[in-house]
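If you scroll down you'll find the structure; I have some questions about it.
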Amino acid sequence: MKILVIVPAFNEEEGLVKVAEQFHGINDVDVLIINDCSKDATSEVGRKLGFNVIDLPCNLGIGGAVQTGYKYAYDNGYDIAIQVDGDGQHNPAYIKDLIKPIKEGRADLVIGSRYLKKEGFQSTFLRRVGINYFSNLIYLLQKKRITDPTSGFRACNRRVIELFSARYPNDYPEPESIVYLLRNNYKTEEVPVVMNERFGGESSINSFKSIYYMIKVTLAIVIDNMRKIGLT
């Protein structure tokens, strides 16, 4: 199976070094860096490390960067696409666990969750509040418990690649995309993973943006869910 690892990167020149170390010796996947118009040397560092790099002409945000990767995966015939953050938090040793339910036909989307076994870095307090909030919101609307709905460590099959290449949320896209898949009867699973602290760079979501995104994404999720019951 053709497997593509999509790494959205904004000002991640430090983190990409860690990513390269983590992927050293893993030869059965292709790694694609989506440089989201970084202001640092993300593009140059990515190429020097031997990665394929797409340089976006303007900053599209996490949603646009990731969707670029899905478009690439769809156009180039990949069977599985895996999202991995460019800051070194996600350990590729867990890729085999992520793709196993997909290979076995049990899931369309598999999420790496740090909260199934609660090992390793558990994120900041503010992020944990947001994660718990979206977990409860998704359960309320879809009756499916997702313990780590904001996890950027995810794998999906060809069906979802095609869908995401055409339709993907812009801001804080993980919870919204999960609800969309669930309401359209795609199979979603979680597997336990251990995540690291950010190796370098800065998160694109600060405290103010976190509150803004929570409100914005909540409205998007509720409106999208209303389509299921024919109210919009």
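The values are calculated or read from the model by the stated rules, or taken from the named source; none is laboratory data. Just so we're clear, the structure is a prediction, and the values are computed from it rather than from any experiment. When we count neighbours, we look across all protein chains shown, and the Cβ atoms used for this are built from the backbone with ideal geometry, even at glycine.
Would you mind telling me which numbered condition in (1) touching a residue at least 60 places away in the same chain (Cβ under 8 Å); (2) under 16 Å from Asn11 (Cβ atoms); (3) of a type in the set (S, T, N, Q) Thr42 fails?
Only one criterion in (1) touching a residue at least 60 places away in the same chain (Cβ under 8 Å); (2) under 16 Å from Asn11 (Cβ atoms); (3) of a type in the set (S, T, N, Q) is unmet by Thr42, namely (1).
Follow-up question, since we're still on this one. Restricting the search to segment 28-78, which residues are of a type in the set (Asp, Glu) and more than 25 Å from Lys209 (Cβ to Cβ)? Walk me through it before giving the result.
Initial filter on segment 28-78 (of a type in the set (Asp, Glu)): 28, 30, 36, 40, 44, 55, 75.
Asp28, Asp30, Glu44, Asp75, listed by residue number.
Can you tell me how many residues in segment 104-132 are at negative phi and surrounded by fewer than 16 Cβ atoms within 10 Å (Cβ to Cβ)? Full working, then the answer.
Taking segment 104-132 as the starting set, the residues that turn out to be at negative phi are 104, 106-117, 119, 121-122, 124-132.
Subsequent filtering for residues that are surrounded by fewer than 16 Cβ atoms within 10 Å (Cβ to Cβ) retains 104, 106, 116-117, 119, 121-122, 124-129, 132.
So the count comes out to 14.
Residue under question is Val66, and the condition is that it be touching a Phe, Trp or Tyr at 6+ places or on another chain (Cβ under 8 Å), within 17 Å of Asn170 (Cα to Cα) and at pLDDT 95 or above; does it hold? If you could, list the steps in order and put the result at the bottom.
Details: touching a Phe, Trp or Tyr at 6+ places or on another chain (Cβ under 8 Å): yes; within 17 Å of Asn170 (Cα to Cα): yes; at pLDDT 95 or above: yes.
Yes: the conditions hold for Val66.
Out of the residues in segment 143-197 meeting the condition of being of a type in the set (Asp, Glu) and closer than 21 Å to Glu12 by Cα, tell me which one is nearest to the chain's Cα centre (by Cα). Don't jump to the end; show me each part of the working.
Of the residues in segment 143-197, the ones of a type in the set (Asp, Glu) are 148, 162, 171, 174, 176, 189-190, 197.
With closer than 21 Å to Glu12 by Cα added as a condition, the list becomes 171, 174, 197.
Values: Asp171: 12, Glu174: 6, Glu197: 16 Å.
Here the answer is Glu174.
Also, I was wondering about something else. Across segment 29-57, what is the number of residues that are more than 20 Å from the chain's Cα centre (by Cα) and of a type outside the set (Gly, Ala, Ser)?
Selection size over segment 29-57: 8.
For the condition over 14 Å from Ile131 (Cα atoms) and at pLDDT 95 or above, what is the one hit in Glu202, Glu197, Glu162? Talk me through it step by step, then tell me what you get.
On the way: Glu202 fails: at pLDDT 95 or above; Glu197 fails: at pLDDT 95 or above.
After ruling out the rest, the residue left standing is Glu162.
Would you be able to say whether some residue in segment 167-179 is at pLDDT below 95, more than 30 Å from Thr42 (Cα to Cα) and not in a helix (DSSP H, G or I)?
Looking through segment 167-179, none of the residues is at pLDDT below 95, more than 30 Å from Thr42 (Cα to Cα) and not in a helix (DSSP H, G or I).
Further question: Quick check, is Asp224 modelled with pLDDT under 90, among the acidic types (Asp, Glu), out of contact with any Leu (no Cβ under 7 Å at 6 or more places or on another chain) and outside any loop (DSSP other than H, G, I, E, B)? First the steps, then the outcome.
Working: modelled with pLDDT under 90: yes; among the acidic types (Asp, Glu): yes; out of contact with any Leu (no Cβ under 7 Å at 6 or more places or on another chain): yes; outside any loop (DSSP other than H, G, I, E, B): yes.
Answer is yes for this residue.
Now, a different point. What are the residues in segment 76-132 that are among the small types (Gly, Ala, Ser), assigned to a loop (DSSP other than H, G, I, E, B) and either in contact with a strand residue (DSSP E or B) (Cβ under 9 Å, 6 or more places away or on another chain) or within 26 Å of Ser165 (Cβ to Cβ) (or both), if any? Give the steps one after another, and end with the answer.
First, the residues of segment 76-132 that are among the small types (Gly, Ala, Ser): 77, 81, 86, 88, 93, 105, 107, 112-113, 120, 123, 130.
Filter again for assigned to a loop (DSSP other than H, G, I, E, B), leaving 77, 86, 88, 105, 107, 123.
Hits for segment 76-132 are Gly77, Gly86, Gly105, Ala107, Ser123.
Listed here are the residues, each with its yes/no results for (1) outside any loop (DSSP other than H, G, I, E, B); (2) touching a strand residue (DSSP E or B) at 6+ places or on another chain (Cβ under 6 Å); (3) β-branched (Val, Ile, Thr); (4) crowded, with 17+ Cβ neighbours inside 10 Å.
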| site | (1), (2), (3), (4) |
| --- | --- |
| Glu14 | yes, no, no, yes |
| Lys18 | yes, no, no, yes |
| Glu21 | yes, no, no, no |
| Ile26 | no, no, yes, no |
| Val31 | yes, yes, yes, yes |
| Gln67 | yes, no, no, yes |
